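Structure record follows, encoded as structure tokens.
Derivation of every value follows stated rules applied to the coordinates shown; laboratory data play no part. Please read these numbers as outputs of a predicted model, since none were measured by experiment. Note that each Cβ is placed from the backbone with ideal geometry, even for glycine, and that neighbours are counted across all protein chains shown.
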């Protein structure tokens, strides 16, 4: 008896795109954050597991945007027109005017091309605004936490100074380990986050 050949049914489901897969992973990560954050006080120190989940979400976001990202050199950034409020308003108004009066467009520029470029600006600008809001949230939270940790460090340092004056064993050795952070050195520029957070590797104000 001849055996009948069996074939796997052909799936009619379309292949998942890179974006779809990434978004599914994002949803999983978001649920992970929700499961942890539900029991946390908003003002309490952020748990390590939430930071891990948020970093993962950030990685996924960058992964999704990678296909549309453009990397510019310093010279290229200088040559490009700005995207400030005035220039954005100019682009928006010009695009609307060109759509209503296409006869004034140069031969090499179509209404469709103009609108596509403007639409891309609008969408990326919307995304950028959200990213900046998120950056500000993290930055100001870092600033507040850094201030608390810095004050704790000063309290400990002053306690060591007091213990050293009273000749308590080991206090002077521990104090000497921290004293170099108070040596005044020539000021040099720091990255904004380091400066605002109070993390200066060379000097620390003693107040």
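The table below lists the values:
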| item | result |
| --- | --- |
| 172, 132 arranged by Cβ crowding within 10 Å, fewest neighbours leading | 132, 172 |
| Computed E for residue 149/residue 25 - FRET, C-beta separation, R0 30 angstrom, nearest 0.05 | 0.35 |
| Neighbour-count ranking [beta-carbon atoms within 10 angstrom, fewest first] of 164, 71, 58 | 71, 58, 164 |
| Extension reserve of the residue 71-residue 163 stretch, reckoned as 0.36 nm per residue once the Cα distance is removed | 27.6 nm |
| Likely footprinting exposure, 59, 183, fewest C-beta neighbours within 10 Å first | 183, 59 |
